[in-house]
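The values are calculated or read from the model by the stated rules, or taken from the named source; none is laboratory data. For clarity, every value in this text was computed on a predicted model and none was experimentally measured. Heads up, the Cβs are rebuilt from the backbone with ideal geometry, glycines too, and the neighbour counts pull from every protein chain shown. The accessibility values were calculated without ligands, DNA or RNA, using every heavy atom of the protein model including side chains. Shrake-Rupley method; radii C 1.70, N 1.55, O 1.52, S 1.80 Å.
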Amino acid sequence: RRQRGLLVAALGLPLLFLLYLQEADIFRDIPSATLITTSVIGMGLGIGWVLLTGAAAARSYGVPLGAAIAGSQVLRDGLAIPIGSLILILVPVVIARLRTTGARESLDGFALGALGALMFCGAATMTRLAPKFALGMVDKSQPMRGLMVEAVIRGITVPLTAACVGALVGTALWFSRPEHKRHEHRTQFVLLLG
């Protein structure tokens, strides 16, 4: 029962976003191949990243507070893994942008950026939780409150943050100034984006 709750938490936001895309009729503006490619790249990177870094992240969970930790471990677990995740979350939208030609609309970039990031997070979370599903491991001593916190973090906070970052970068990649305003306030515009 608890495993199903984590499953719903991990897949809830990505599925909700896919329903939003369908209702927004995004398939009319963006080719299906681009949406599928962005999704598959995001899922593949999420699965690969967890398989690559999962053991290091799991070891960091067992370190008691106040224990001596090597500086290299802090850099790897505290900086390299999260920054690597952030970079990989943006790869699907960058690839989609490189493959897109013709007219661009910022909302298309928004949708593709959020989609790639949500697929990355959903696949990463499912891969991270796969041993719990396969082995049926349920920690009966873990209070329900702890499971709720974990579900909120893995199911809402992390994917929502990733979707916001992906959508912001996608919007910026697809943004183009109107032709009649292309040279107005160019310096201020560059400073604001930088």
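Could you please put 165, 50, 158 in sequence from largest to smallest accessible area, using a 1.4 Å probe? Can you show the working numbers first?
Numbers: 165 50, 50 10, 158 70 Å².
Solvent-accessible surface, decreasing: 158, 165, 50.
I'd like the accessible area for residue 110: 1.4 Å probe, protein heavy atoms, all chains in place, Å² to the nearest 10.
Looks like 70 Å² after rounding.
Ranking request for peptides 7-13, 36-42, 20-26, 121-127: highest mean number of other beta-carbon atoms within 10 Å first, then the rest in descending order.
On the way: 7-13: 18.1, 36-42: 19.9, 20-26: 12.3, 121-127: 23.6.
Sorting 7-13, 36-42, 20-26, 121-127 by mean packing, highest first, produces 121-127, 36-42, 7-13, 20-26.
Around residue 34, with a cut-off of 12 angstrom between Cβ atoms, what is the net charge of the other residues, counting Lys and Arg +1 and Asp and Glu -1?
Details: positive: 97, 99; negative: 29, 108.
Within the 12 Å Cβ shell, the charges total 0.
For a quick check of understanding: with a 1.4 angstrom probe and all protein chains in place, what accessible area in square angstrom does residue 174 have, to the nearest ten?
Its accessible surface works out to 10 Å², give or take rounding.
What number comes out for accessible area per residue over segment 2-52 if the probe is 1.4 Å? Units Å², please.
Working: 3080 Å² over 51 residues.
Averaged over the residues of segment 2-52, the accessible area is 60 Å².
Probe radius 1.4 Å, ligands and nucleic acids left out: which of 108, 29 has the largest accessible area, and how do the rest follow? Could the numbers behind the result be given before it?
Numbers: 108 20, 29 75 Å².
Sorted by accessible area, descending: 29, 108.
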